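For reference, the structure discussed in these notes is given below.
The values are calculated or read from the model by the stated rules, or taken from the named source; none is laboratory data. Keep in mind it's a predicted model, so treat the numbers as computed, not measured. Every residue, glycine among them, receives a Cβ derived from its backbone with ideal geometry; neighbour counts consider all protein chains shown.
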Amino acid sequence: MSGTIFITGASGGIGAGVARRFLDAGWIVGLFARRRTALEEVAAAADTAVVLPGDVTNPDDVAHAVARFVDAAGRLDVLFNNAGMFTPQATIDEIEIDDWRRSVDVNLTGMFLAARAAFGQMRRQDPQGGRIINNGSISAHVPREGAAPYTATKHGVTGLTRQLSLDGRPFDIACGQIDIGNARTDLLQEVTEKARAAGEAPPPTIEVDYVADAVWQMANLPLHANVQFMTLVATQMPYIGRG
């Protein structure tokens, strides 16, 4: 099966890994993120990539990118709503207000804007329908220390997933969420290096390829079937019992 998928946060990490998985399979893939050069690097291996630089917190950027992708691809089958960010860890009294606002803007408002644009396209296109896959986190279920902005926004993503699932039913729009624990991205590599430098055991991790395979599985289901929530974690990480 081949189709079309629009990916936010596609310039690196999980977004880039998922993009490459779909490009390798011949899908038309919209690559959306702020860093054009990084997007072009992801796109270099395939001629079915559509590079779409923009800011996920900007409503016009998101709407225009989705419209441009549909012009190029013909329709939108899947949105992988992936863009997200971390802020410095601290107890709530020491968290900068600007960090809170940036986290809400990217992790929650950005998700809303991308879902809004994709939902509208999927509702209008013929044949009607499509699938939205939100990148949640295990922090959508249980917190880690000093992460109030991230935890709160990821809990919000779960609410958005449920609402989209409900509101999408009349239009054949499915919505599911993948909650990932410790994928081996550049950001987690920094955490690993800091732990080793401090003489501590690095956190258990999983390769991004496994995340890409999981998103691939979710995306390729027929629209009358849906993975509502999938949790994919490193086996040894303290998810069960955390919180």
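Between 68, 75, which is in a loop (DSSP other than H, G, I, E, B), among the basic types (Lys, Arg), over 17 Å from the mean Cα position of the chain (by Cα) and at negative phi?
Only one candidate qualifies: 75.
Look through segment 118-173, keep the residues that are of a type in the set (Phe, Trp, Tyr) and over 18 Å from residue 85 (Cβ atoms), and return whichever of them is surrounded by the most Cβ atoms within 10 Å (Cβ to Cβ).
119
Go through the residues of segment 40-50 one by one and say whether even a single one is more than 26 Å from residue 163 (Cβ to Cβ), of a type in the set (D, E, K, R) and in contact (Cβ under 8 Å) with a residue 60 or more places away in the chain.
No: zero hits.
Consider residue 26 against the criteria (1) on the phi > 0 side of the Ramachandran plot; (2) under 18 Å from the mean Cα position of the chain (by Cα); (3) of a type outside the set (S, T, N, Q): it satisfies all of them except one. Which criterion is unmet?
Going through (1) on the phi > 0 side of the Ramachandran plot; (2) under 18 Å from the mean Cα position of the chain (by Cα); (3) of a type outside the set (S, T, N, Q) one by one, residue 26 breaks only (2).
Quick one: in segment 41-63, of everything that is assigned to a helix (DSSP H, G or I) and under 25 Å from residue 105 (Cβ atoms), which residue is nearest to the chain's Cα centre (by Cα)?
62
Going through segment 20-36 one residue at a time, which ones are within 11 Å of residue 212 (Cβ to Cβ) and either of a type outside the set (A, V, I, L, M) or not in a loop (DSSP other than H, G, I, E, B) (or both)? Quick ask: steps written out before the conclusion?
Step one: of segment 20-36, the residues within 11 Å of residue 212 (Cβ to Cβ) are 20-25.
Hits for segment 20-36 are 20, 21, 22, 23, 24.
Can you find a residue in segment 172-184 that is modelled with pLDDT under 95 and either part of a helix (DSSP H, G or I) or polar (S, T, N, Q) (or both)?
So far as segment 172-184 goes, yes, one or more of its residues are modelled with pLDDT under 95 and either part of a helix (DSSP H, G or I) or polar (S, T, N, Q) (or both).
The rows are residues; the columns are (1) aliphatic (A, V, I, L, M); (2) farther than 26 Å from residue 219 by Cα.
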residue: 44; (1), (2): yes, no
residue: 56; (1), (2): yes, no
residue: 67; (1), (2): yes, no
residue: 70; (1), (2): yes, no
residue: 89; (1), (2): no, yes
residue: 104; (1), (2): yes, yes
residue: 121; (1), (2): no, no
residue: 125; (1), (2): no, no
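Filter segment 190-204 down to residues that are out of contact with any helix residue (DSSP H, G or I) (no Cβ under 6 Å at 6 or more places or on another chain) and either surrounded by 14 or more Cβ atoms within 10 Å (Cβ to Cβ) or of a type outside the set (Gly, Ala, Ser) (or both), then give me how many there are.
Selection size over segment 190-204: 9.
Would you say residue 219 is over 20 Å from residue 86 (Cα atoms), crowded, with 17+ Cβ neighbours inside 10 Å, touching a residue at least 60 places away in the same chain (Cβ under 8 Å) and not basic (Lys, Arg)?
Criteria met by residue 219.
Could you list all residues from segment 1-23 that are over 14 Å from the mean Cα position of the chain (by Cα) and closer than 20 Å to residue 181 by Cα?
Passing the criteria: only 21.
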